[in-house]
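Okay, structure first, notes after.
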Amino acid sequence: MTWILANLPLLSSRLLEHLGLALPAIVLSVVLALPLGWIAHRYRVSRWVLVTLTGLLYAIPSLPLFVLLPALLGTGIRDASNAIVALTLYGLALMVRSVADALDAVPPLVTDAAKAQGYGPLALVLKVQLPLAVPALTAGARVVAVSTISLVTVSGVLGLPSLGLLFVDGFQRGITEEIVAGLVLTVALALVLDALLALLGRAMTPWNRADPTTRRRAAHTPRTAAAPRAGEAR
Amino acid sequence: MIRFHHVGKDYPDGTRAVGDVDLTIDSGRCTVLVGSSGSGKTTLLRMINRMVDPSRGRVELDGEDVAGLDPVQLRRSIGYVMQGSGLLPHRTVLQNIETVPLLRKEPRAEARRRAQLQMERVGLDPALGQRYPSQLSGGQQQRVGVARALAAEPDVLLMDEPFGAVDPLVRAELQAELVKLQAQLHKTIVFVTHDMDEALALGDTIIVLREHAEVAQIGTPAELVAAPADDFVRRFLGLQDGRRVLRGSQGESGQVVSDRFGRPLGVLGAPDAPDTLDADAGAQDVSVTGADAGAEEGPAA
């Protein structure tokens, strides 16, 4: 405890650095997954290709990817951009499928009715399909957020500053409190972000709160299926 | 006027939905396409607003081939009401009704004004405007569907089994109100149903369709009941099993009309009857009875 109290400024700067890597990756993977997921939803062939290929990204062990990317991108191994790209790829692996599934789940009757009222193709996607997919999209984004927060720690092995660096440093110098602090903060951060996204999803879907049956359905959207184990390195 | 010029529709898998249809639908009247499920009636309806493009032939709207019109613009100019309302679940009632005026780039205030007007027109409490569709009853949802279709003041209204999913009492109520509304608005309504009673209640003209949307008979409700073209139409009307056979007997206040089970339905032309029933119900009852005048004596099946 004394170590933690004495190192509060260090902990808070590690926490911010952690967020600095995780947040851009989470936002990027969600934003990039939207068009990719839409293409996967729209065309049957591309669905197979996109979902399989992006899904395979998740199979690449993270440490080698962190090491390999600089060679491909020309970035330094300790550049934040290097880590952000790697994390975004993992995020995409989860999110593209989520987006495609979320769009698939929009009732065809509603889409058909909207089309018959005179929605153009773009308005149909932006104003009807995406809003209705929000509950399932939120579920996907929550998995991505939690997964990314835990994956960031791996970059600590490379010496990139984040909460992960606390484990590495703690191990090397034998400071148990530092390891525990890093672990607890990582889990806490994941939980907080998960809760915030859940709240955001709720705020964006006032019509679901109005109807108890759809609320239950939204809560059932699969988010445990691909949930990563916290702190696990691939 | 809507004109089908030898229209047909085959799907890529070889299914024939519509064989060869050649018919005209008059403006300002309610035309009911009636047929069993799979008769291609919905396909025919959806060709008018280009939700389906025909494989052969062409559909003309006021003399213009719809194939030459932009489908999105065309759909914004035609009201469409569907079964199960087809409301957008994430939009409030008012937002749903405003949809088409807003898509047509009308100013927000004007769209809101129109939406409120339509809510009143279809008998919806203004307080429901802020609700979501899932918070409404089936009947209310269908009213919103009708209000939405009317909001941009289209000349043509397409209705695809709009009252199919509500209970019979509410359905009768909605039908009566549609008749009342049409008496004010004189839209060109094309109404699809598989329910002959609904067709008789609503249609100025009824088009009975067989498989592949082949026209079995076109006529007014009275014409159909009085002179069904063939056994198919007779069966569809329920004339064969005596469903529409009515009997008259002299009562104190006039002639009492009963159905085939002897259940009294009402009094024929009672002079002091309050005029609450609109032209629809009253006139049709008489025409049905008239058509079956010969059956009055004989017992029903």
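The values are calculated or read from the model by the stated rules, or taken from the named source; none is laboratory data. Keep in mind that this is a model prediction, so the values were computed, not measured. When we count neighbours, we look across all protein chains shown, and the Cβ atoms used for this are built from the backbone with ideal geometry, even at glycine.
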Pair list, Cβ < 9 Å and 6+ apart or interchain, from segment B:103-118 residues that are within 14 Å of chain A (Cβ to nearest Cβ) to residues that are aromatic (Phe, Trp, Tyr): B:Leu103/A:Tyr119
Single condition A:Thr224 does not satisfy, out of (1) within 14 Å of another protein chain (Cβ to nearest Cβ); (2) within 25 Å of A:Arg97 (Cα to Cα); (3) modelled with pLDDT under 90: (1)
Conditions (1) over 30 Å from B:Lys105 (Cα atoms); (2) crowded, with 20+ Cβ neighbours inside 10 Å; number of the one not met by A:Gly118: (1)
Strands (runs of 3 or more DSSP E) wholly inside segment B:200-270 that include at least 2 residues being touching a residue at least 40 places away in the same chain (Cβ under 8 Å): B:205-209, B:215-219, B:247-251
Selection from segment B:154-171 of residues that are in contact (Cβ under 8 Å) with a residue 24 or more places away in the chain and surrounded by fewer than 18 Cβ atoms within 10 Å (Cβ to Cβ): B:Asp155, B:Gly164, B:Ala165, B:Asp167, B:Val170
Criterion violated by A:Arg78 - all others in (1) assigned to a helix (DSSP H, G or I); (2) within 30 Å of A:Thr176 (Cβ to Cβ) satisfied: (1)
Answer residue from segment A:35-52, given it is crowded, with 18+ Cβ neighbours inside 10 Å and in contact with a Leu (Cβ under 8 Å, 6 or more places away or on another chain) and is nearest to A:Val99 (Cα to Cα) among those: A:Gly37
Segment A:157-169: number of residues that are crowded, with 24+ Cβ neighbours inside 10 Å and not in a loop (DSSP other than H, G, I, E, B): 3
Top-ranked residue in segment B:80-95 [being in contact with a Leu (Cβ under 8 Å, 6 or more places away or on another chain) and more than 9 Å from chain A (Cβ to nearest Cβ); ranked as farthest from B:Gly145 (Cα to Cα)]: B:Gln95
Residue check, A:Ala6 surrounded by fewer than 16 Cβ atoms within 10 Å (Cβ to Cβ), under 30 Å from A:Glu177 (Cβ atoms) and out of contact with any strand residue (DSSP E or B) (no Cβ under 7 Å at 6 or more places or on another chain): yes
All positions within segment B:188-207 that are over 24 Å from B:Pro228 (Cβ atoms) and at pLDDT below 95: none
Qualifying position, being buried (at least 18 other Cβ atoms within 10 Å of the Cβ) and either more than 24 Å from B:Val179 (Cα to Cα) or not assigned by TED's automatic domain parsing to the domain that holds B:Leu157 (or both), among B:Arg16, B:Arg56, B:Arg112, B:Arg46: B:Arg112
Hey, A:Ala93 more than 14 Å from chain B (Cβ to nearest Cβ), surrounded by fewer than 18 Cβ atoms within 10 Å (Cβ to Cβ) and of a type in the set (Gly, Ala, Ser) or not: no
Positions within segment B:71-109 being charged (D, E, K, R) and at negative phi, in sequence order: B:Arg75, B:Arg76, B:Arg91, B:Glu98, B:Arg104, B:Glu106, B:Arg108
Some residue of segment B:123-145 being more than 13 Å from chain A (Cβ to nearest Cβ), surrounded by fewer than 17 Cβ atoms within 10 Å (Cβ to Cβ) and in contact with a Ser or Thr (Cβ under 9 Å, 6 or more places away or on another chain): yes
